[in-house]
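The values are calculated or read from the model by the stated rules, or taken from the named source; none is laboratory data. For clarity, every value in this text was computed on a predicted model and none was experimentally measured. Don't worry about glycine lacking a Cβ; one is built from the backbone with ideal geometry, like all the others, and counts go over all protein chains shown. SASA here: full protein model, heavy atoms, side chains in, ligands and nucleic acids out. Shrake-Rupley method; radii C 1.70, N 1.55, O 1.52, S 1.80 Å.
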Amino acid sequence: MELRDKGINTLVNESEILKKVKNREEILWINKDKNEKNDFKVEGLTPEDIDDAEDRLSRFSEYIMKAFPETKKDKGLIESPLREIPLMKNTLNKNYRSKLEGKLFLKMDSHLPIAGSVKARGGIYEILKHTEDLALEKGLIKKDDSYEKLRDPEVRDFFSQYSIHVGSTGNLGLSIGIISAEIGYKVTVHMSADAKEWKKDLLRNYGVEVVEYTEDYGKAVEEGRKKSLEDPNSYFVDDENSKTLFLGYSVAAKRLKKQIKEQNIMVDKDHPLFVYIPCGVGGAPGGISYGLKVVFKENVHCFFVEPTESPCMLIGMESGLNNKISVQDIGLTGITDADGLAVGRPSGFVGNVMKNLLSGIFTIKDFKLYDYLRDLMNSENIFLEPSACATFEGPANLLNYNNGIEFIKSINLNSKMENATHIVWATGGRLVPEDVRKEYLKTHIKNK
Ligand SMILES: *Cc1c(COP(=O)(O)O)cnc(C)c1O
C-alpha cells in the first residue's frame, strides 16, 4: 500500500498536469496519444458491433412503443432532438468571452423518453439484450417475432424468477430500474451517497428495491456485484466494464448522423464537428464518442468534461494507469454537485478504447454548473440537471485555453472555425421535479 502511494506521489510530482489536477485547478487536457489512423478495433470491439446493437434496438421497437407510448412519435426508438441554441451561443460569447464561431447545438438526451437521461441509451439496451438472450434461449420468442409477445402475462411471470442488480449514482439506476420492472424482473438498485432522494422515490414507485449506501459509487457497485453473485438467477449490470452498455450508447452516433443530415449540417474536412460530453465512469461519453469516431472519423473532435473534484478519466488517461488510479489516490474527494459525474475511478475498458480517439478533457468547478444552468434557462428556456451543464465548459473555454488554440492550429482548423458545428451533449434533466429545479436555479456556491 505504502509503496503504491509513493509511486503515485512521484507520478504527481513529475507531471505538471497532475499537479494542477491535485490543486483542483480547472484545466484543458489534450490527449497526446490521439491517432486518426485508428481502425476502431480495440478491446474486442468492432464497428459492426454498433450495427448489431442498432438492429437489436429495432427488433425491440414494437415492444418499446407498446410499453412506453411516449416513444410512439419515434416509432419505438428511444431518441432525442438535436436543437440549435443560438441564444446560448450568444450568452457564452458575451459572459465568458468564448469567441465561439459556427453553430452551437444541444443534443437533448436530457429529454430522452423513459428515463430522462443519457442512461436511457446504454442502460435500457443492456436489459433488452439480456432479455432477448434469455427469451431466445428458453424459446419464448424467435428473432423474427414481434417482441410485443414479451408483454404477455405468462412471459412477465417467467421473468419474475430472474433478478437484476446495478450500482449507481442515480440515473443508471433509474433507467435499469424502470425497464427491468416493466419487463417483470425483480430489480435491486444499489445507490451511492450522491444519489438524489427524488430518484430513489421515483424508483420505489416503480416497485424497485433501492438499497442506500453512505459510501461512494465504487462501494455501491461492489456491493451490487456481491449481492448478484449470491443468486444464480441474477444478472449484474457492470457499469465499470460493460461492453453491452457501451454499445447501447454508441448507437447514438448513427442516429445523430441522420439528424445532422436532416438539418443540412455539413461535416467534412472544411466543416469540423466538435462534441462535448460530461464524463463519470466513462461508459456514456466513451460509447457515444466511439460511435462518433466510427461515423465521422477525423472530422469529429470529441471532448469529455469532468468536475475538478472527480476527474477520474483524466488522471487514468494522463498517468496511463487507467482504473489503477483513483481521484482519492491524489488527494481529491470525488465529492461534487454533479452527482452523475461523482465517480472516483474510471472504467479501465473505456480508458483503453479512448486512448487513441479522444481529443481532450475539460475540468469544471462546481459553481459553474449552476451558472450554466441559469444561462441556458434564461437564454433558451431549457432546463438541464447540474451534471449535464458541465458540457458547456467545452465551447465556453476551448479557445480561452492556450493549449486549446494550439490544438486547433495543430489540426489546421484555425481558418475553418466559422464553419464549425459544436454539439453539447445534454445528459439529463427531464425528470427533475419542479421543487428541485427551483432550488437549482437559485443555487449559488462559492468559487470552489
Ligand atoms: C451517468 C451520467 C453521465 C456520465 O456517464 P458515465 O457513463 O458515468 O461516464 C453524465 N451525465 C449524467 C447526467 C449522467 O447521469
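Could we say that Ala420 is open to solvent by less than 10 Å² (accessible area, probe 1.4 Å), within 23 Å of Pro278 (Cβ to Cβ), within 16 Å of the ligand (Cβ to nearest atom) and touching a residue at least 24 places away in the same chain (Cβ under 8 Å) here?
Details: open to solvent by less than 10 Å² (accessible area, probe 1.4 Å): yes; within 23 Å of Pro278 (Cβ to Cβ): yes; within 16 Å of the ligand (Cβ to nearest atom): no; touching a residue at least 24 places away in the same chain (Cβ under 8 Å): yes.
Judged against the criteria, Ala420 is not a match.
Residue by residue through the range 45-67, note down the ones that are assigned to a loop (DSSP other than H, G, I, E, B) and surrounded by fewer than 19 Cβ atoms within 10 Å (Cβ to Cβ).
Passing the criteria: only Thr46.
On the given criteria, is Thr91 of a type in the set (Ser, Thr, Tyr), exposed (fewer than 15 other Cβ atoms within 10 Å of the Cβ) and out of contact with any Lys or Arg (no Cβ under 9 Å at 6 or more places or on another chain)? I'd like the intermediate steps shown before the answer.
Values: of a type in the set (Ser, Thr, Tyr): yes; exposed (fewer than 15 other Cβ atoms within 10 Å of the Cβ): no; out of contact with any Lys or Arg (no Cβ under 9 Å at 6 or more places or on another chain): yes.
Answer is no for this residue.
Quick one: what pairs do we get from the range 335-362, first residue in contact (Cβ under 8 Å) with a residue 24 or more places away in the chain, second of a type in the set (D, E, K, R) and within 12 Å of the ligand (Cβ to nearest atom), C-beta under 7 Å, 6+ apart or different chains?
Cβ pairs passing all conditions: Asp339/Asp194; Asp339/Lys196; Leu341/Glu306; Ala342/Asp194; Ser347/Glu240; Ile361/Glu306.
(1) polar (S, T, N, Q); (2) within 15 Å of the chain's Cα centre (by Cα); (3) on the phi > 0 side of the Ramachandran plot: which one isn't true of Ser289, the others all being true?
Condition not satisfied by Ser289: (3).
Is it true that Gly184 is crowded, with 19+ Cβ neighbours inside 10 Å, within 15 Å of Phe236 (Cα to Cα), without any contact (Cβ under 8 Å) to a residue 40 or more places away in the chain and touching a helix residue (DSSP H, G or I) at 6+ places or on another chain (Cβ under 6 Å)?
Numbers: crowded, with 19+ Cβ neighbours inside 10 Å: yes; within 15 Å of Phe236 (Cα to Cα): no; without any contact (Cβ under 8 Å) to a residue 40 or more places away in the chain: yes; touching a helix residue (DSSP H, G or I) at 6+ places or on another chain (Cβ under 6 Å): yes.
Taking the combined requirement at face value, the residue does not satisfy it.
May I ask you to list pairs of residues, at least six apart or on different chains, whose Cβ atoms are under 6 Å apart, with the first in the range 161-172 being closer than 23 Å to Ala342 by Cβ and the second being within 12 Å of the ligand (Cβ to nearest atom) and polar (S, T, N, Q)?
Thr169/Ser192; Asn171/Ser117
Filter the range 365-395 down to residues that are hydrophobic (A, V, I, L, M, F, W, C) and over 20 Å from Ser310 (Cβ atoms) and give me whichever is nearest to the chain's Cα centre (by Cα). Steps first, answer last, please.
Going residue by residue through the range 365-395, those that are hydrophobic (A, V, I, L, M, F, W, C) are 367, 369, 373, 376-377, 382-384, 388-390, 392.
So of that shortlist, the ones also over 20 Å from Ser310 (Cβ atoms) come out as 376-377, 382-383.
Values: Leu376: 20, Met377: 22, Ile382: 19, Phe383: 18 Å.
Only one residue fits best here, namely Phe383.
Quick one: Gly170 ticks every box in (1) closer than 28 Å to Ile423 by Cβ; (2) modelled with pLDDT of 95 or more bar one, so which box is it?
(2)
Could you list all residues from the range 16-40 that are in contact (Cβ under 8 Å) with a residue 24 or more places away in the chain and more than 23 Å from Asn352 (Cβ to Cβ)? Let's see the steps before the verdict.
Residues of the range 16-40 in contact (Cβ under 8 Å) with a residue 24 or more places away in the chain: 17-18, 21-22, 24-31, 33-36, 38, 40.
Residues satisfying the conditions are Lys22, Arg24, Glu25, Glu26.
Can Val21 be described as of a type in the set (A, V, I, L, M, F, W, C) and touching a Ser or Thr at 6+ places or on another chain (Cβ under 8 Å)? Show your work before the answer.
Working: of a type in the set (A, V, I, L, M, F, W, C): yes; touching a Ser or Thr at 6+ places or on another chain (Cβ under 8 Å): yes.
Yes; evaluated as a whole, the condition is true for this residue.
Answer yes or no: is there a residue in the range 227-249 that is in contact with a helix residue (DSSP H, G or I) (Cβ under 6 Å, 6 or more places away or on another chain) and closer than 27 Å to Ala396 by Cβ.
For the range 227-249, residues in contact with a helix residue (DSSP H, G or I) (Cβ under 6 Å, 6 or more places away or on another chain) and closer than 27 Å to Ala396 by Cβ: present.
Scan the range 204-228 and report the pairs whose first residue is surrounded by 15 or more Cβ atoms within 10 Å (Cβ to Cβ) and whose second residue is among the acidic types (Asp, Glu) and assigned to a loop (DSSP other than H, G, I, E, B), with Cβ atoms within less than 8 Å and a gap of 6+ or a chain change.
Note: pairs meeting the criteria are Asp216/Asp194; Tyr217/Asp194; Val221/Asp238; Val221/Asp239; Val221/Glu240; Arg225/Asp238.
Identify all residues within the range 384-417 that are within 16 Å of the ligand (Cβ to nearest atom), in contact with a Phe, Trp or Tyr (Cβ under 9 Å, 6 or more places away or on another chain) and either in a helix (DSSP H, G or I) or over 24 Å from Leu87 (Cα atoms) (or both); write none if there are none.
If we filter the range 384-417 for residues that are within 16 Å of the ligand (Cβ to nearest atom), which is where we start, we get 384-394.
This time we only want the ones that are in contact with a Phe, Trp or Tyr (Cβ under 9 Å, 6 or more places away or on another chain), so: 384-386, 388-394.
Across the range 384-417, the qualifying residues are Pro386, Ala388, Cys389, Ala390, Thr391, Phe392, Glu393, Gly394.
In the range 309-333, which residues are assigned to a loop (DSSP other than H, G, I, E, B), closer than 17 Å to Glu26 by Cβ and open to solvent by less than 10 Å² (accessible area, probe 1.4 Å)?
Ser310, Pro311, Leu332
Filter the range 241-292 for residues that are part of a loop (DSSP other than H, G, I, E, B) and within 15 Å of the ligand (Cβ to nearest atom); which is surrounded by the most Cβ atoms within 10 Å (Cβ to Cβ)? Give the steps one after another, and end with the answer.
Start the filter on the range 241-292 by keeping residues that are part of a loop (DSSP other than H, G, I, E, B), which leaves 241-242, 263-267, 269-270, 272, 279-282.
Add one more test, that the residue is within 15 Å of the ligand (Cβ to nearest atom), and what stays is 241-242, 279-282.
Details: Asn241: 16, Ser242: 21, Cys279: 34, Gly280: 29, Val281: 28, Gly282: 30.
Of everything passing the filter in the range 241-292, Cys279 is surrounded by the most Cβ atoms within 10 Å (Cβ to Cβ).
Going through the range 163-181 one residue at a time, which ones are open to solvent by 10 Å² or more (accessible area, probe 1.4 Å), touching a Phe, Trp or Tyr at 6+ places or on another chain (Cβ under 8 Å) and within 11 Å of the ligand (Cβ to nearest atom)?
If the condition is that a residue be open to solvent by 10 Å² or more (accessible area, probe 1.4 Å), touching a Phe, Trp or Tyr at 6+ places or on another chain (Cβ under 8 Å) and within 11 Å of the ligand (Cβ to nearest atom), then Thr169 is the only one that fits.
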